[in-house]
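Step one of this worksheet: look at the structure below.
The values are calculated or read from the model by the stated rules, or taken from the named source; none is laboratory data. Here the structure is a predicted model, which means the values were calculated and not measured. Positions of Cβ are generated from backbone atoms using ideal geometry, with glycine treated the same way; all protein chains shown enter the neighbour counts. These area figures cover heavy atoms from the full protein model, side chains too; ligands, DNA and RNA do not enter into them. Shrake-Rupley method; radii C 1.70, N 1.55, O 1.52, S 1.80 Å.
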Amino acid sequence: MRVAFVGKGGSGKTTLSALFTRHLARSGAPVVAIDGDINQHLAHALGLDEDELFAAPPLSARTGEIKDYLRGTNPRIASREAMVKTTPPGHGSRLLRLLGDDEVHSRHVQEVGGVPLMVTGAFAGSDLGVACYHSKLGAVELYLNHLVDGPGEYVVVDMTAGADAFASGLFTRFDMTFLVVEPTRKSLSVYRQYRDHAAEFGIPVAVVGNKVTGADDLAFLRERVGEDLLAHCELSPYVRAQEQGRGGGALERHNSRTLDRLRAAVDARGKDWEAFQRHAVEFHLRNAAAWADAATGQDLAAQVDPDFRHGPAALAAFA
C-alpha cells in the first residue's frame with residue numbers, strides 16, 4: 001500500500017513520516033520510505049547524524065537510467081527521451097516488487113534507523129531559474145507507476161509541503177493520504193483544497209492532528225474537520241528529545257496507539273488496480289496534451305497500451 005504524508009510546512013509531516021515508517025519496520029513489515037520533500041530532512045528524522053551524508057544516489061540523479069530500466073522492451077517507448085514522468089507501463093515494461101532484486105532498489109535504497117530509504121535529491125543551485133522541484137519528483141512517479149506492491153507491504157512518501165502535492169498526478173498514486181495539521185487556523189488553511197482535489201479522483205484523505213496539547217486543541221480540530229479527523233498525536237517529549245539529539249526513551253503510549261490507527265486505516269483500504277491504471281492513463285494524456293507532446297516532438301498518447309492491466313497478474317506475466 002502506498003501512503004503519502006502531506007501538510008503545511010512545519011506541521012510535522014516529516015516527523016510523522018519517520019515515526020510511521022519506523023513503526024512499520026519494527027513490526028517486521030516490508031516498507032520503503034521516500035523523501036519527496038524539497039527540504040530533504042527525512043533521513044535525519046529517521047536517525048542519520050546531521051553531519052553524515054546519505055550515501056545512496058538520489059533518484060533524480062539517475063532518472064535517465066531509471067527510465068531505460070523501466071521501459072525494458074516496451075515497443076511504445078522509443079527512448080528515454082520519449083519517456084516522461086507520467087508514461088504508464090505496458091507490455092514489455094519492467095515492473096517492480098517492493099525491495100526486489102532490481103536496479104532501482106539495489107542502487108537507491110539505504111537503510112537509516114532500520115528503515116530502507118530512497119531520496120529524490122535536494123534542489124540545487126543549478127536548478128534555480130531553470131527547473132521546478134516537481135521535475136525531481138518525476139522519478140518517484142515513475143517508480144510508483146511501475147511498482148506492484150502487495151498486501152502488508154508499504155511505501156511511505158514524505159511529500160512536498162502545501163497544496164503543491166496536487167501540482168501533478170502524483171497524488172493519485174497513493175492508496176491513502178494523511179494530511180498532518182496542527183490545531184491552528186494557518187495549518188488548516190489547505191484542508192479544503194486537499195479534501196476537494198482528492199475527492200474528485202476517489203483518493204482518501206484522512207486528517208491527523210499533531211502537537212495537540214489538550215481538550216481545547218482537540219475540540220478545535222474536530223469542529224473544523226469533523227469526521228475526517230482520524231487520529232491525533234499529543235505534543236511529544238520523546239520527539240523533542242530525538243530532535244535535540246538526546247535519544248533514548250520510548251514514544252508515548254497515546255502517540256504509539258495513533259500510529260496503530262494509521263496503519264489500520266491503510267490496511268482497511270482495498271487495492272484498486274483498475275482505478276490506479278485509469279488515473280495513470282488519464283494524467284498521462286493530460287500531460288501529453290499540455291506540454292509533453294511539444295517537449296518530445298512525439299504523440300505520447302501512443303504510449304498508452306490499451307491491453308495492459310496493472311497489478312499482480314501483470315507482474316506474474318512479466319516474470
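Here r is the Cβ-Cβ distance between Ala316 and Arg240 and R0 is 41 Å; the resulting FRET efficiency, rounded to 0.05, is 0.30.
With the convex hull of the Cα atoms taken as the outline of the chain, the averaged projected area works out to 16.2 nm².
For the pair the stretch 236-256 / the stretch 4-76, the C-alpha centres are spaced 22 Å from each other. Taking 0.36 nm per residue of sequence separation and removing the Cα-Cα distance, the Glu252/Gln110 pair yields an extension gain of 48.3 nm. Under the simplified labelling scheme, the Arg269-Leu53 pair shows an inter-label distance of 3.5 nm, with each label point 7 Å from Cα along Cα→Cβ. Direction-averaged projected area, Cα convex hull, the stretch 51-122: 5.6 nm², rounded to one decimal.
A crude spin-label estimate for the pair Arg224 and Ser27, with each label 7 Å from Cα along the Cβ direction, gives 2.9 nm.
In this structure Glu52 has an accessible area near 80 Å², from a 1.4 Å probe over the protein heavy atoms.
Where in the stretch 218-243 does the label zone of His41 land, with the point 7 angstrom along Cα→C-beta and an amide N cut-off under 13 Å? Only 240, 243 pass the distance filter.
Residues within the reach of a label modelled at Asp293 (point 7 angstrom out along Cα to beta-carbon, backbone nitrogen below 16 Å), restricted to the stretch 74-95, are 84, 87.
Model label points for Ala302 and Ala61, set 7 angstrom from Cα along the Cα-to-Cβ axis, are 3.6 nm apart.
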